[in-house]
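Worksheet for the structure shown next.
Please treat every number below as a calculation from the coordinates, not as lab data. No experiment lies behind these values; they were computed from the predicted model shown. Backbone-built Cβ (ideal geometry, glycine too); neighbour counts: all protein chains shown.
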Amino acid sequence: MDNITEVYKNIYRAVIPLRGNPLKSINIFIIKGEDKTLIVDTGFNTEEVRSCTDDYIEKLNIDLNKTIVFITHLHSDHTGLTGYFTEKGAKIYMPSLDAEIMDDMRKSNGKYWKRIQDFAHIQGLGVDGLRIEDHPGFRFRTRDSFDFVAKNPGDEISLGDFNFKVISLSGHTPGMVGLYDKDKSILFCGDHILYKITSNIQFWGFDFGDSLGNYLKNLKKVKELNIKYLYGSHRNRIRDANKRIDEIFLHHDKRLKEAYSALENGPLTPRDVTVRMKWDITAKTWEEFPKSQKWFAVGEAHAHLEHLRTLGKVDYIDKNKDGVLYYFIKK
Ligand SMILES: [Zn+2]
């Protein structure tokens, strides 16, 4: 039972491996009410994860017919087993916006993947010859559809003596949410705040706005809640939530400065800004960068550029009238 620990009275954490993923593992939280159970997120849809899931279901004596699986956001390490749980009688709760995007992501010819390829073009990634098949989100997408009950910011879920409110933690994905118990000062925050690693913030398209700006706004919101018991989806437990939040603010400040100074010698595409930024990865050059990571790194650099644009510090032009965007410092 060493991968299952009681982290708070009636709240258990099961650490489930994410084989081949830099995140290494996911924390699944199980909240036991009097007869109902609430499970936060699921893990990938693999044989190994299914067997770890069966294991905690048995050890914690969970009746899936009286269980709600609450999905924080659309990523496949959080949603992979939704089909598996519904087949066994559990109900799925999920925020509508991420459910809508996810439904489109299931289809190989969906709008979402077309957009990702359009972004690669405007970001200047065309020169790297990436194929959509190199995108991990495409390769590992959840293919099954599932029934769910929409739970959006403001909605409440009660079980035992827990009273959770759904709160928006948009940024990491457009619709990510957390579960907040005010009286107990507990927050299940999905991938919003993680121990030692920082949440990947992507460019989601101009229609979703400034994703890094939204992320930072929600970071400030959580800081104001002064959370005592913060439960993130990956890595260790964070003992001092506000200290970790301050570290994340500093991290993005540094990254914003890095992206800004990359533009000091003239306009660059998001791809060329990415090449000039530092990345915590073993590849020494851009050429050595794994293709799968190129998508994410450029998306992240682009999110920082878009935040600088919202702040009025930079802007972009379509220099060669071919749709590729060049960001420049506003004088
Ligand atoms: Zn995620």
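Listing for the model above:
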| quantity | calculated |
| --- | --- |
| Potential extension, Val149-Phe206 segment - 0.36 nm per residue separation minus Cα distance | 17.7 nm |
| FRET efficiency, 1/(1 + (r/R0)^6) with R0 41 Å, evaluated for Asp253 and Ser185 via beta carbons | 0.90 |
| Principal-axis tilt of helix 291-310 within the chain, Cα atoms, nearest 10 degrees | 80 |
| Rounded to whole Hz, the Karplus (6.51, -1.76, 1.60) HN-Hα couplings of the stretch 43-48, x for glycine and proline | x, 5, 8, 10, 3, 4 |
| Inter-label distance, nm, simple model (7 Å from Cα along the C-beta direction), Leu225/Leu23 | 1.9 |
| Pairs from Lys184/Lys221; Lys66/Lys217; Lys32/Lys184; Lys221/Lys243; Lys217/Lys257; Lys223/Lys254 whose Cα-Cα separation, in the structure shown, is over 25 Å | Lys66/Lys217 |
| GNM top mover of Ile186, Ile92, Ile317 - the chain, alpha-carbon springs below 10 Å | Ile317 |
| Restricting the stretch 232-331 to GluC sites (Glu not before Pro) in coil, as DSSP defines it, with at most 13 other Cβ within 10 Å | Glu264, Glu287, Glu288 |
| GluC sites (Glu not before Pro) restricted to DSSP loop in the stretch 1-66 with at most 15 other C-beta within 10 Å | Glu34 |
| Loop sites in the stretch 112-149: chymotrypsin sites (Phe, Trp or Tyr not before Pro), DSSP, at most 13 other Cβ within 10 Å | none |
| Listed residue (Pro270, His234, Asn320) projecting farthest to the positive dipole end of the stretch 207-331, Cβ model | His234 |
| Residue-averaged [θ]222 nm for the chain, counting only DSSP H segments that reach four residues, each worth -39500 (n - 2.57) | -10500 deg cm²/dmol |
| Most mobile of Val166, Val127, Val149 in a GNM of the chain (Cα contacts under 10 Å) | Val127 |
| FRET efficiency, 1/(1 + (r/R0)^6) with R0 35 Å, evaluated for Ile281 and Arg239 via beta carbons | 0.80 |
| Phi-based couplings in Hz for the stretch 250-266 (Karplus 6.51, -1.76, 1.60; Gly and Pro marked x) | 4, 4, 6, 4, 5, 5, 5, 5, 4, 5, 5, 6, 4, 8, 5, 9, x |
| Distance in nm between pseudo-label sites at Asn61 and Glu100 (7 Å out along the Cβ direction from Cα) | 4.3 |
| DSSP-defined beta bridges in the chain - what % are antiparallel, rounded to 5 | 70 |
